[in-house]
Amino acid sequence: MRIISTKTGPLRVVERGVVRAAEPGTAHAVFTYPTLTPLSNGRILATFRAGSSKDGDDENSELFESPDGGRTWEQIPFQGPRIVNGVRGTSRLCHITEIEPGHLLAAVMWVDRQSFPDKPLFNPQTEGCLPMVILLADSHDYGRTWSPWRVIPMPEEIGPASLTDAIMKLKDGTLAMSIETNKAYDDSSKWYQRVVLFHSKDQGQTWGPPVVAGFDRTGRIYNWDQRTGVTPDGRIVAFLWTYDSTAHSYLNMRRRISADNGYTWTEAEDLGFADQAGHPAILSDGRVVEAYVDRFGTQSIRARWAPDAAGPFPAETAVVIYAHETTGSKGPHTGTTSATISDMLVAWTYGLPFAEALPDGDVLVVYYAGTNRAMDACWARLRLP
């Protein structure tokens, strides 16, 4: 039986700071793709993608550690894969999961920068992506040293594989990896985007076939950036950034829930607020904190909480984590899907909140924010009522 909290009230930001400040004009000018991993030894790991711009061949995933609940941070040695199967590329993002005490599994989304030299990640003419590969490495000492990177084979139907969140450890010990499909760079056919799960029974050494977690068979609705979490009773909750490719418009966030390790899902539920979902923090009592970006309404990063993974996220629970100052348009329409994605990769200067519950009951959120020249790696600590 699930015990659902009856507490009410808004979240509060009780502390905030910077994991690492941007250095304009260097390979550390732009930090994006933040992640968090609270460890069993009490420390917290964070990863950020660093580069001179939001998309380029000098990008790399960098690793930081906090000994005090996220208040102070130190960068620790870490190197994402550079050469894969003889091809030069970059580590675009890295997620780390503690699958056993001290045993960490790092998952990197690697981008081939050699096959299409000097081309952007996304092809605005075809809506295709540069070749992308998922690689894993293990650490048995809380992230101090790592095994060699190994490529995860993907079926051809997946196309360039996009890793949407950290690998989940499910209640029975199975691992689940969320992957978004893409088209090849020069493929001008219609894009039938979908998000799938892969499962592993041997701590990530081998993976089963893809299981669909979100797909519109008409190809109109895109289920982007699936963010997932596992509840104390073993359900998977997924939050989706939803896009209408015909209207060229972002929709409200959607939620799906699976009670069988991701093999079947509830229908997508409109949560009533916009627009880009973040990784949820799930507390030991079942409460869920969802951090998200309201880019076209209030132009801010916010968070709300629900008493349960399937419960409502009332507006009165919301808190503003970051408010962006801009004179730009707030309109959600950009004319084409290609223009929308190109704008996302270049112009957006804040976003991608990633939340995790801490042992003391607070929630830590990491995100990036700044200007076109400098985007800091930031954190905020939230407190529930």
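Reported count of residues in the range 343-384, each being farther than 19 Å from GLY25 by Cβ and either crowded, with 19+ Cβ neighbours inside 10 Å or modelled with pLDDT of 95 or more (or both), is 25. Kindly indicate whether ALA309 is small (Gly, Ala, Ser), part of a strand (DSSP E or B) and in contact (Cβ under 8 Å) with a residue 60 or more places away in the chain. No, not satisfied.
Please go through the range 245-266 and give me each residue that is closer than 20 Å to TRP191 by Cα and over 20 Å from the mean Cα position of the chain (by Cα), ordered by number.
Correct list: SER245, THR246, ALA247, HIS248, SER249.
Over 19 Å from the mean Cα position of the chain (by Cα) and of a type in the set (A, V, I, L, M, F, W, C): does that describe TRP224? When the stated conditions are applied, TRP224 does not pass them. For ALA247, are the conditions met, namely being modelled with pLDDT under 95 and either buried (at least 19 other Cβ atoms within 10 Å of the Cβ) or out of contact with any helix residue (DSSP H, G or I) (no Cβ under 6 Å at 6 or more places or on another chain) (or both)? So ALA247 passes the test. Is there a residue in the range 192-204 that is in a loop (DSSP other than H, G, I, E, B), among the β-branched types (Val, Ile, Thr), buried (at least 18 other Cβ atoms within 10 Å of the Cβ) and touching a residue at least 24 places away in the same chain (Cβ under 8 Å)? No: zero hits. Of everything in the range 62-98 that's out of contact with any Lys or Arg (no Cβ under 6 Å at 6 or more places or on another chain) and polar (S, T, N, Q), which residue is nearest to MET132 (Cα to Cα)? Per the stated criteria, the residue is SER91.
Regarding ASP216, is this residue surrounded by 14 or more Cβ atoms within 10 Å (Cβ to Cβ), charged (D, E, K, R) and over 30 Å from GLU65 (Cα atoms)? When the stated conditions are applied, ASP216 passes them.
Of the residues making up the range 125-152, those that are touching a residue at least 12 places away in the same chain (Cβ under 8 Å) and surrounded by fewer than 16 Cβ atoms within 10 Å (Cβ to Cβ) are GLN125, HIS140, ASP141, ARG144, ARG150, VAL151. Across the range 267-284, which residue is farthest from the chain's Cα centre (by Cα) among those that are surrounded by 16 or more Cβ atoms within 10 Å (Cβ to Cβ) and of a type outside the set (A, V, I, L, M)? That would be PHE273. Using the structure shown, decide if GLU316 is surrounded by fewer than 19 Cβ atoms within 10 Å (Cβ to Cβ) and at pLDDT below 95. No, not satisfied. Reported count of residues in the range 294-306, each being touching a residue at least 24 places away in the same chain (Cβ under 8 Å) and either within 24 Å of THR231 (Cα to Cα) or assigned to a strand (DSSP E or B) (or both), is 5. Scanning the range 111-123 for residues that are assigned to a strand (DSSP E or B) and either among the hydroxyl-bearing types (Ser, Thr, Tyr) or surrounded by fewer than 17 Cβ atoms within 10 Å (Cβ to Cβ) (or both) yields no hits at all. Restricting attention to the range 57-110, the residues that are surrounded by fewer than 18 Cβ atoms within 10 Å (Cβ to Cβ), assigned to a strand (DSSP E or B) and touching a Pro at 6+ places or on another chain (Cβ under 9 Å) add up to 2. Residues that are assigned to a strand (DSSP E or B), farther than 12 Å from ALA310 by Cα and of a type outside the set (S, T, N, Q) within the range 235-269 comprise LEU240, TRP241, TYR243, ASP244, TYR250, listed in sequence order.
When the range 5-56 is filtered for residues that are more than 16 Å from GLY80 (Cβ to Cβ), in contact with a helix residue (DSSP H, G or I) (Cβ under 9 Å, 6 or more places away or on another chain) and surrounded by 15 or more Cβ atoms within 10 Å (Cβ to Cβ), the ones remaining, listed by number, are PRO10, LEU11, SER53, LYS54.
The values are calculated or read from the model by the stated rules, or taken from the named source; none is laboratory data. Remember, predicted model here, so these are calculated numbers, not experimental data. As a convention, Cβ positions derive from the backbone with ideal geometry for all residues, glycine included, and neighbour counts pool all protein chains shown.
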